[in-house]
Amino acid sequence: MYIVASVLNSMKTESRLQADQIRLREHLFNQSFILPVNTLAEISQVVMTVTKLTQKTSEFSSVVQKVATVRIWQASQALQECHQRDKRISSEQIESVSTGILTSLSNILKVMVRHEVVEEPFHVVESLAETVLAVKVPEDKTTAMRSSNFNMYVKKTEKWNVTKFFSTEKHCRNCFYPTLNVSSVPSLPANAPISTMFCEFADDPFPWLNYGENILTEVVGFRMTGTEATGDVIEITPDVVEVYLIRKNLSFGTFNLTVGPSKESHKADESLRKTTGAFSFEVDSRAGKEVLIHIVTEVAVLFTVLVYAGRQITPPALIATYLVPHRIPPIAKDSDLFDPDCTVTEARVVCLPPSLLRVIAQRTSSSECTVAVVLQAPHFVLKPNDKLVRISVFSTQCLDMYGIQSDWREDTCVVGEKTTWQKVHCICKNPGRAKRQLDAMKLANLHLRTHYLTAKRRPQVTLREVAPRKHPQTPAASEHWEERLAKWHAHETDNAHSQEPEKLPPTRSPGLPKASVKATSKRRPQPKRTESKVSRTQRKNKNANNPNVEDNHSVSSGEHPPQPGATPLKEKTRIVLPWCCVYVAWLLVFVTCSISSFFIVFYGLTYGYEKSIEWLFASFCCFLQSVFLVQPSKIILVSGYRTSKPKYCKNLPWVGNCHYSEIKLQSITKDPEEMRRRQQHVAQLRSSRMYQPLTEDEITIFKRKERIKRRAFVFLSYILTHFMFLALLLSLVTLLRHTDGFYYNRVIRDRFSMDLASVAKLEDIFRWLDSVLLPLLHNDLRPTFLPDSSSKILGLPLMRQVRAQPGEKTCLPAKSVMRDSLKREIRCHPEYGTDPEDTKSYSGLWNRVSKRAVDKTTEGFTYKPRERRWVYSSYGLWHTYGSGGYAFYFFPEEQQFNSTLRLSELQGSHWLDEKTWAVILELTTFNPDITLFCSISVIFEVSQLGVVNTSLSVHSFSLADFNRKTSAEIYLYVAVLIFYFAYVVDEVYIITQERSAYVKSVYNLLNFALKCIFTVLIVLFFRKHFLAVGIIRFYLSNSEDFIPFHAVSQVDHAMRVILGFLLFLTILKTLSYSRFFYDVRLAQRAIQTALPGICHVALVVSVYFFVYMTFGYLVFGQHEWNYSDVIHATQTIFSYCVSAFQSTEFSNNRVLGVLFLSSFMLVMICILINLFQAVILSAYVEMKQPVYEEPSEEAEAMTYLCHRLRTVFGFLSSKSKAEDQPKFFVNMVYGQPGKNNSRYLGLKTRNINGKKMVYLVV
């Protein structure tokens, strides 16, 4: 069915086949009822099929719509039952299937018609919400399911948190804010889960209801349910519901208002000039609804809205005045005739209350009255403009419906205070179930519990044109119409009692079609007037977006100068102190500080001399901090804040209390010839280039110089930061005490490696322990110290054995080659890593003991398990061993005879036998003279040949000293952490700025690698510190035990390696800051150009290298140590590549050895290695001229910095300006052109006789 549906959807709809396609689609829907819906997979198949069948809505019939609705409702119910049966179904699976149901439901809602009432889809909406809510947990994030015309949001929270949970939603389209008190539903406890469904319909889902054409907002619905302690689900009605409904189409509903400047009598006073505009509209006062006027503009000025009754614009017709600021709600003035209270209190939205409309109706003696509105604002346009201000006049009403009713209700919800022309704010207080329902039969079948909300809007404006009237007072026709209207208004005011005011001329807008409501309010065209030729294009005005003009009513009303005869201002007496008061003030400061210091020391002596000195030092630091840090920072912040706010002329207090004396010029008589000469000089200066406007080339040059200046300071800051970080790393290296560690390791290695090479059998191990180790561990003069040394042994030295499990292992040759009589005699040695390790505990002679306490002095062989808290490993020549094994402890505080006796007993009980893999001796020493720890590991490994291989591992390390009183290391670590966080923030900022282009730069990749390694170093540093703290605490509480400092040693070793890589990359990064050198740029460019050739040659060299390594390993591997394994063979071939030929006897086969070395020298050294050099050198020569001709930002920045430096220290040099940049500096930074190269040809520039000349080289 899914495939057939896909084919149907892909077919073009033809009239002759449409009926057959509809019948086929109905048949497929009927067949879908055969499919089972018992499991999640079956439900998914049904949902996918129905979704595909409902995809093409043009082939829907009423039967298909009903059948599809029933089927997706069944799928939703089956999904609920499936989840109840199988709780292992995740919420992601439920939501995934629910999305398909939502898509099908969205397609069904698209085919709603006006002549048929359809209720079934809304039942599916509630069922789908219940399905998704069943798998949600309280306080989880909102589940949003969206389609092209229908969205659903599902949430679940606890009862006490409903109001707060929804109030945090800020970024929503149609916002939904319910309020539910804890005591609203007594049957539900405070922690009862509350489920909420909120849905949005892009199109009207109820087209058969009234108000369809007036519903300009989206329709939303919500439902809240609660679960009681018994598990019963009950419906919940919130106490208050606030919903913000967005208009579906914002392209209409407003009209452009023409505004223009006014020219009043006081033309010199800028504050009296205004910008005005006017319009009128008709309204029915019997409706009893508020009329809203929204002024939509980006001009941040204070508007004054004048409301007139009728078409008269005269003082008697003025009913109300509103002040409309930019960001706060309008303010009504002269409101004695009406009640100014309105529901809507939004910025730029003027609300005309019903009481005002009734007053206008009384004035005009008609319920359908005309309202004229005039807008005034401070002067912000130069000529009439209809692009800056738009007006929307409308009234709105919130509608509510519970379930499916016969009509919307208007008595439940009211309009809120945040209503504008873009959105409607509706407030519903306890929206209960409606009384008007459909017939009882449908109600019994469908029990819908969803509240639906929307709003109707009706534009109130019938646009009128405001035009000037002919009047005898009107001057010439060239004057602006607004000026003529103002003069006419003044004339009418003077003759108000004797002359009847004229009315506004009628308009043609009532006869226009409905779509013409967009027409603008403009003046009537005057063909004979010159102002009709003025362009209506919008011009930029300086005061149009002046933020200081907003909310300033005095600008629009004008500020008049003080009247003559007013009381003159008194001159303020200015007190000037003598100059010596400055020294007196500083003297008082120092005296006060000295007295304070005396009392601080005097009082601090009661707590000790050191405490008093610390107090005095703290006071001195606070004084310096206040003078040099706090006060300058305060000045900088306050000055920056005040500077950020622009100042205008109106902010300057021109009239003040201070009087300034006039500057009187002395009468100086000049000679006429002198005056003429000066005049000619001034004229010559004015005609010179200095007083001419800048050309485009000069502007470009100035911009380029500014970029170079900015880039130079950024470059300098990067260099200084880099070298500061490099200095910190080098300081950190010195703290690790590499030199002291080398000599300390050497001393320890010399002592413990004595006669270690003579150990070849297991019996030799006991001999070495008795003759070398015991004298080192036991010091009769200073127990627990190494002899003739200040190194103390920390804890107990540990010797442990790693061995195989008991049992016999038959060799492979004995199974296949030997006779039966010999098979029993040939056995193989167990192999470490392949055969199992023995972890049992034994008494004597490796006999199994059932249970045994782990004791250091207990007889028998006890297995010590591996460390879990402080994990470390022991690295031998052949294998890597864990920290477990059969332990044997040495006691340095006892006599040497005791250890010798215990070793003899251990040897007599055959502690070492054929099952032994390795014997590991571990201990840690500490030298307080150089504050270094040393971890020592001696490993005896038994090879498969039965030979014992020995290895000695020694590693010295130091621990960080965080004692602030005795060590300055902590300041270094703090500085390193500060650099780390600064680097991380900088790198994150660069990544967010460059995004995908970040990975295309090699410099960025180098920086990223450096930051990553830096992060690993910080992690290892803290890991080492916390490990050391834990182990030291363990040592202080258990000094008679083995102290595993080897874990700290291994972390320290890894940290040193990471520090080496970090220092390597940091030093390598220095090359990027040295690109201002010509040779560095040339080398970099040459390598980039030769990179493909280098890769190709490297591939050939790798192939030959592998050939020679393999040949040497196979031919000479059994007889030559240099080729005994792959690693040695690789190292040997590498040494040959750098001409380090050592151990080339080839005693087994000299002929092959000579041929091997000869061919290697011919192929690898004479050909391939030189080919490497040739590729790089050819690119180096080829790139000389291009690198010279290409501009370099680093070179320009360094040139600018050197120029500034020479300017600062210019007094040290007496050379002329022509020699400010020496030739060697220019050659070092910019290089020299390759004159013998063909790339030298072309358009070139050169300084000839001090002038820059452009020439062409051919």
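Coordinate-derived values only; no laboratory data. Quick caveat: nothing in here was measured; it's all calculated off a predicted structure. Virtual Cβ from ideal backbone geometry, glycine too; neighbours counted across all protein chains shown.
With each label modelled as a point 7 angstrom along the Cα→C-beta vector, the Val1154-Ile930 pair spans 5.1 nm. The length gained on full extension between Phe620 and Phe979, counted as 0.36 nm times the residue separation minus their Cα-Cα distance, comes to 126.4 nm. Measuring r between the beta carbons of Thr142 and Ser771 and using R0 = 60 Å, the FRET efficiency lands at 0.15.
Of the GluC sites (Glu not before Pro) found in the stretch 1-95, the ones in coil according to DSSP and having at most 13 other Cβ atoms within 10 Å of their Cβ are Glu14. Assuming charge only on the beta carbon of Lys and Arg (+1) and of Asp and Glu (-1), the dipole of the stretch 877-1013 about its Cα centre is about 560 debye to the nearest 20. When restricted to Cα atoms, the stretch 355-425 yields an Rg and a Dmax of 18.6, 57 Å, respectively.
Pairs from the list Lys170/Lys289; Lys709/Lys1223; Lys87/Lys110 with a Cα-Cα gap above 25 Å: Lys170/Lys289; Lys87/Lys110. The stretch 398-433 and the stretch 877-930 have Cα centres separated by 87 Å. Here the stretch 130-200 yields Rg over Rh of 0.98, to two decimals, using C-alpha coordinates and the Kirkwood radius. Computed extension length for Glu610-Leu1177: 197.2 nm, one decimal, from 0.36 nm per residue of separation with the Cα-Cα distance subtracted. Of the trypsin sites (Lys or Arg not before Pro) in the stretch 135-193, the ones in a loop by DSSP (not H, G, I, E or B) with at most 16 other beta carbons within 10 Å are Lys141, Lys170, Arg173. Using the Cβ of Asn745 as centre and a radius below 12 Å, the other residues enclosed give a net charge of +2, where K and R count +1 and D and E count -1.
Pair-distance distribution of the stretch 902-1012: all C-alpha pairs, bin width 5 Å, starting at 0; shares per bin in whole percent are 2, 8, 10, 10, 8, 8, 8, 9, 9, 9, 9, 5, 3, 2, 0.
With Cα atoms defining each centre, the stretch 597-612 and the stretch 33-91 are spaced 86 Å apart in the structure. Averaging the Cα positions of each part gives two centres, and for the stretch 102-121 and the stretch 1014-1065 these lie 69 Å apart.
Looking at the stretch 1079-1182, what % of the alpha carbon pairs are farther apart than 19 Å? Here the tail beyond 19 Å accounts for 49 percent of pairs. If a spin label sat at a point 7 angstrom from the Cα of Arg868 along the line to its beta carbon, no backbone N atom of the stretch 1021-1039 would be nearer than 11 Å. Measuring r between the beta carbons of Glu119 and Thr345 and using R0 = 45 Å, the FRET efficiency lands at 0.70.
The stretch 983-1055 gives an Rg/Rh value of 1.28, both radii derived from C-alpha positions and Rh following Kirkwood. Taking 7 Å steps out from each Cα toward its Cβ at Cys580 and His910 produces label points 11.1 nm apart.
Taking the Cα centre of the stretch 1-101 as reference, the dipole from Cβ charges on Lys and Arg (+1) and Asp and Glu (-1) amounts to some 160 debye. The simple Förster model, with R0 at 41 Å and r as the Cβ-Cβ distance, assigns Gln18 and Asn161 a FRET efficiency of 0.15. Normalising the Debye intensity of the stretch 47-135 to I(0), with uniform scatterers on Cα atoms only, and taking log10 at q = 0.15 Å⁻¹ returns -0.53. Remark: C-alpha extents of the stretch 1007-1111 on the principal axes read 64, 48, 18 Å, sorted largest to smallest. Full extension of the segment from Arg409 to Leu1091, taken as 0.36 nm per residue of separation minus the current Cα-Cα distance, would add 237.7 nm.
Ratio of Rg to Rh for the stretch 24-82: 0.96 [Cα atoms; Kirkwood radius as inverse mean 1/r over pairs].
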